[in-house]
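Scroll down for the structure; my scribbles are underneath it.
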Ligand SMILES: Nc1ncnc2c1ncn2[C@@H]1O[C@H](COP(=O)(O)OP(=O)(O)O)[C@@H](O)[C@H]1O
Ligand SMILES: [Mg+2]
């Protein structure tokens, strides 16, 4: 067998080739147009290839060539602010080369070969370097210093190191054994990048979303899943996380979803400022868009392309968050390819290796000590789109077995426009305990108790609601009516958060704490007043209660809250006086 | 290239298997010549050195192994020109109106390439449909794909036609060009659409593709692609704003299922192919606005939910792709309310970009959110009342219960020819909200309450 073979059979994105020497995951160029594909099966002298582009018109007998490379991404300065398709072709370049519609047979480098970057070495001649070490820096965007890493498989002693402006494929460092390093390296996407060791996450990812930070936090380096039926808020939540999370780098993968949603991000992110740095969000973001109508094999690859880029920034010592919207579409792409291969189907037609692929993917999250000795993390947040909103289906179930945080979206809440529609009774976070000390130190020693009290109240509410369903709320004792009212305040005044409100879209930890504390303290005072004989009708009519409803929208929150707390004191004092 | 093969080895359902061919391209268009002199068309689904699988659009009825098969060497194309406007074509694109063949300016691939997401312009131009439940609560914008989820016997056709008649972008009086594709609907239903198009003069700026219930099911797989190709051509080459109505998506999906079964594929949920999501996306995602091009493609398709079940794979997968859905309710229909739109499960995902101070009015979002919350609460209370009786409700709850009734009666209900502008819709909303205690309007900023709440507006007038 040789380096050139030919097409034997074509069925959609799956092409069978003969007469070509291949290894699993080799990238091959298929047909007269050289369409990019990847070997995903070998049997006798035939190899099965998934093709990343449309195959209409391609015929048996056309030539196939093996590049001998695995599907890889280019890693180096210029990743940030990019938008790629599933196989790291920059969409702006594709538009330039083939117009507004995605045609095929066009290749494009992941990193620009023209752009020059100012390289500042941090090592010198004679230094010994190992895989993963930092040899210099480049200012990639105003706030992000790109650390140039030695590829993990290379080590040696430096014989020459340069300084100044270079393109990503120009040599900046030579080793004594003659190896040459550039600012760019390639890495096969299906293989995790090595780290020195894995560590236990202990810092929360602060998202500015009250129900997430407050009730169900995810740790930096942790994993979370957000399953929900269509229209329940997966995408908006993922986009909120991409906007407001306090990580240094964000990788956002639009996997098999809508084109307009990606266009939205592209228009919005350059305009929105990162609350921490004041710089446009786009400057810390890498977008991957392989929408539902783009080739399905490239959709399968998009998730790996994304996580490999995330690992690369993690290796520089950054906290990275990665959102994949939606992992179900990725799994369906696997199913589509698998069924064309006529593999033995597992549950609901998904391939038997589904669970393994999912856990391999989430396993690439984590807080680590990188080869360079720096600490970095990847937080992975996957949206899941269960058919019919039924969480018992295989993707949701397999995902829940792996991830540590479950944000359960609820269509009922979405229908009444309670956003984010995350069900507070079904969701959970396995990190709350581990993060406790962080809150004590950085928010308040009261935070953990406050949150637990609020959760307990919500739990109590749901029990009382069952009784209300039978007898109506007027039949409840007054103190329970009051409990219901305070629970409603927690839901509406605290948990509800409007992503489209200019102030409320992002809520700092400090504000979250004060808001929840004020609501809970209103509740305590109200119960005291009731015990002291105040009529419940009077308590329910207090102005301070209504004022708490809208204080989250105030630009000058502290001031507004101060006024309300004062009113609250006065009102309750008056009730006592009566 | 156009060699004729007489090597059909097998015929099975809508598929034929052809042997000993020269290399044939995937997805290539195929002509099949029957002994009686007629020709059928098909498309290559699987091709190899040994065997080629072809799906036959007009069905395999009348075919035998003596038929001649010609591979055309190209994929299916639609001849296009501006003269498409005013024409009625079959589901396979042949003239049905007795008019001449289209003299093509171009011939376009019907599969249509994906719009590069980087070339898209996020849709944001508010389309006033004149229907309150849509404009006020689930706003449609130009370039959106927003289907109607309906059920058999419900007035989705009336609603689609009302929208086709009334839809205008604000501040413009220019109507939309309409591309209408029937897939497996009855002749009677199709006539209903055609009569309305003719009555209102809409036909002149419409292109109609008809695949009716008694036309071959396989043909349904190309009908919507022809329609969308025509729509894209008019939008992107002739700067027109096009409204595409595909009906009924459910019939399309049934044809897809039938094809999957014929190919002995492993079926997915409820027998529909595992790739149905991707396939539907290749239709729905052809809506949009492209940077630097003047026209747009808006989709307002009709989908009847089998058994009124929104979790059925057809509405479910659609809802995952489209930018919202307008859900028609049998319950409201029974109550005699037109248009019987149930706003609670309805959604327009692009609403937020289409409304607000510069597009509709600053209080739009707040009014809509508040109406949603109040209506949802009122509807829940109906359930409670059924158990414990109205007297067990608190005064507050009674107000919400009444709100739900008034909302259905005054906001949802309107005439088939009643074209409400957005101000009218919003003021009806405010009138209803004014019946609730003001402290309950927690979704509305105080400044809007001061400005738009009827109680305050009245005071302000007195003050002046
Ligand atoms: N936090 C939120 N604030 C305001 N609106 C929201 C929020 N989350 C979701 N929505 C509304 O719900 C709609 C559907 O949300 P989306 O995230 O697109 O759902 P999914 O991805 O689950 O289908 C959005 O278009 C928006 O109107
Ligand atoms: Mg989504």
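The values are calculated or read from the model by the stated rules, or taken from the named source; none is laboratory data. All values reported here derive from a predicted model rather than from experimental measurement. When we count neighbours, we look across all protein chains shown, and the Cβ atoms used for this are built from the backbone with ideal geometry, even at glycine.
Details
- Failed condition for residue B:100, given (1) more than 14 Å from chain A (Cβ to nearest Cβ); (2) assigned to a loop (DSSP other than H, G, I, E, B); (3) in contact with a helix residue (DSSP H, G or I) (Cβ under 7 Å, 6 or more places away or on another chain): (3)
- Unique match (being surrounded by fewer than 16 Cβ atoms within 10 Å (Cβ to Cβ), more than 20 Å from residue A:16 (Cβ to Cβ), away from every other protein chain (no Cβ under 14 Å) and out of contact with any helix residue (DSSP H, G or I) (no Cβ under 7 Å at 6 or more places or on another chain)) among B:42, B:37: B:37
Rundown of residues vs (1) more than 25 Å from residue B:10 (Cα to Cα); (2) within 12 Å of chain A (Cβ to nearest Cβ), yes/no style:
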| residue | (1), (2) |
| --- | --- |
| B:257 | no, no |
| B:271 | no, yes |
| B:278 | yes, yes |
| B:301 | yes, no |
| B:307 | yes, no |
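Matching residues to (1) assigned to a loop (DSSP other than H, G, I, E, B); (2) on the phi > 0 side of the Ramachandran plot; (3) in contact with a helix residue (DSSP H, G or I) (Cβ under 9 Å, 6 or more places away or on another chain):
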site	(1), (2), (3)
A:174	no, no, no
A:177	yes, no, no
A:190	yes, no, yes
A:206	yes, no, yes
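- Verdict on residue B:345 being within 19 Å of residue A:416 (Cβ to Cβ) and touching a helix residue (DSSP H, G or I) at 6+ places or on another chain (Cβ under 7 Å): yes
- Any chance residue A:305 is in contact with a strand residue (DSSP E or B) (Cβ under 7 Å, 6 or more places away or on another chain) and either within 16 Å of ligand 2 (Cβ to nearest atom) or outside the structural domain of residue A:146 (by TED's automatic domain parsing) (or both): yes
- Residue match in segment A:286-301 (condition: in a helix (DSSP H, G or I) and free of Cβ contacts under 8 Å to residues at least 60 places away in the same chain): no
- Total residues in segment A:308-336 satisfying the condition of being under 16 Å from residue A:395 (Cβ atoms) and either in contact (Cβ under 8 Å) with a residue 24 or more places away in the chain or within 16 Å of ligand 2 (Cβ to nearest atom) (or both): the figure is 12.
- One residue alone among A:140, A:74, A:81 is in a loop (DSSP other than H, G, I, E, B), closer than 25 Å to residue A:265 by Cα and either modelled with pLDDT of 95 or more or more than 24 Å from the chain's Cα centre (by Cα) (or both), and that residue is A:81.
- Of the candidates A:400, A:435, the single residue that is within 12 Å of residue A:216 (Cβ to Cβ) and either more than 16 Å from ligand 1 (Cβ to nearest atom) or out of contact with any helix residue (DSSP H, G or I) (no Cβ under 6 Å at 6 or more places or on another chain) (or both) is A:435.
- Failed item in (1) within 16 Å of ligand 2 (Cβ to nearest atom); (2) more than 11 Å from every other protein chain (Cβ to nearest Cβ), with residue A:265 passing the rest: (2)
- Residues that are assigned to a strand (DSSP E or B) and either assigned by TED's automatic domain parsing to the domain that holds residue A:333 or more than 18 Å from residue A:343 (Cα to Cα) (or both), drawn from segment A:19-51: A:20, A:26, A:27, A:28, A:29, A:30, A:35, A:36, A:37
- Only one of the numbered conditions (1) closer than 17 Å to residue A:385 by Cβ; (2) modelled with pLDDT of 95 or more; (3) more than 15 Å from ligand 2 (Cβ to nearest atom); (4) more than 16 Å from the chain's Cα centre (by Cα) is violated by residue A:224, and that is (4).
- Which listed residue, of A:259, A:317, A:231, is within 14 Å of ligand 1 (Cβ to nearest atom) and more than 23 Å from residue A:419 (Cα to Cα): A:259
- Matching residues, segment B:326-352, being facing another protein chain (nearest Cβ under 8 Å) and not in a loop (DSSP other than H, G, I, E, B): B:347, B:352
- The residues in segment A:214-228 that are more than 6 Å from ligand 1 (Cβ to nearest atom) and part of a loop (DSSP other than H, G, I, E, B) can be counted, and the count is 6.
- Across segment B:401-412, a minimum of one residue is classified as under 27 Å from the mean Cα position of the chain (by Cα) and either surrounded by fewer than 17 Cβ atoms within 10 Å (Cβ to Cβ) or in the same structural domain as residue B:133 (by the TED database) (or both).
- Selection from segment A:399-416 of residues that are surrounded by fewer than 20 Cβ atoms within 10 Å (Cβ to Cβ) and either away from chain B (no Cβ under 14 Å) or within 18 Å of residue A:360 (Cα to Cα) (or both): A:400, A:401, A:402, A:404
- Counted residues, segment A:148-160 - those being outside any loop (DSSP other than H, G, I, E, B) and surrounded by 21 or more Cβ atoms within 10 Å (Cβ to Cβ): 2
- Test result for residue B:377, away from ligand 2 (no atom under 16 Å from the Cβ) and either in contact with a strand residue (DSSP E or B) (Cβ under 6 Å, 6 or more places away or on another chain) or in a helix (DSSP H, G or I) (or both): yes
- Scanning segment B:350-365 for residues that are surrounded by fewer than 22 Cβ atoms within 10 Å (Cβ to Cβ) and more than 10 Å from ligand 1 (Cβ to nearest atom), we see that the one that is farthest from residue B:143 (Cα to Cα) is B:362.
- Qualifying residue in segment A:313-326 (condition: within 12 Å of chain B (Cβ to nearest Cβ) and either surrounded by 24 or more Cβ atoms within 10 Å (Cβ to Cβ) or outside any helix (DSSP H, G or I) (or both)): yes
- Options A:421, A:427: the member that is touching a residue at least 40 places away in the same chain (Cβ under 8 Å), in contact with a helix residue (DSSP H, G or I) (Cβ under 6 Å, 6 or more places away or on another chain) and within 16 Å of ligand 1 (Cβ to nearest atom): A:421
- Odd one out for residue A:396, checked against (1) within 16 Å of ligand 2 (Cβ to nearest atom); (2) over 25 Å from residue A:500 (Cα atoms); (3) in a loop (DSSP other than H, G, I, E, B): (3)
- Taking the listed residues A:480, A:465, the one that is free of Cβ contacts under 8 Å to residues at least 24 places away in the same chain, within 14 Å of chain B (Cβ to nearest Cβ) and in contact with a helix residue (DSSP H, G or I) (Cβ under 7 Å, 6 or more places away or on another chain) is A:480, with no other qualifying.
- Within segment B:105-164, the set of residues being out of contact with any strand residue (DSSP E or B) (no Cβ under 7 Å at 6 or more places or on another chain), within 12 Å of chain A (Cβ to nearest Cβ) and buried (at least 23 other Cβ atoms within 10 Å of the Cβ) comprises just one member, B:137.
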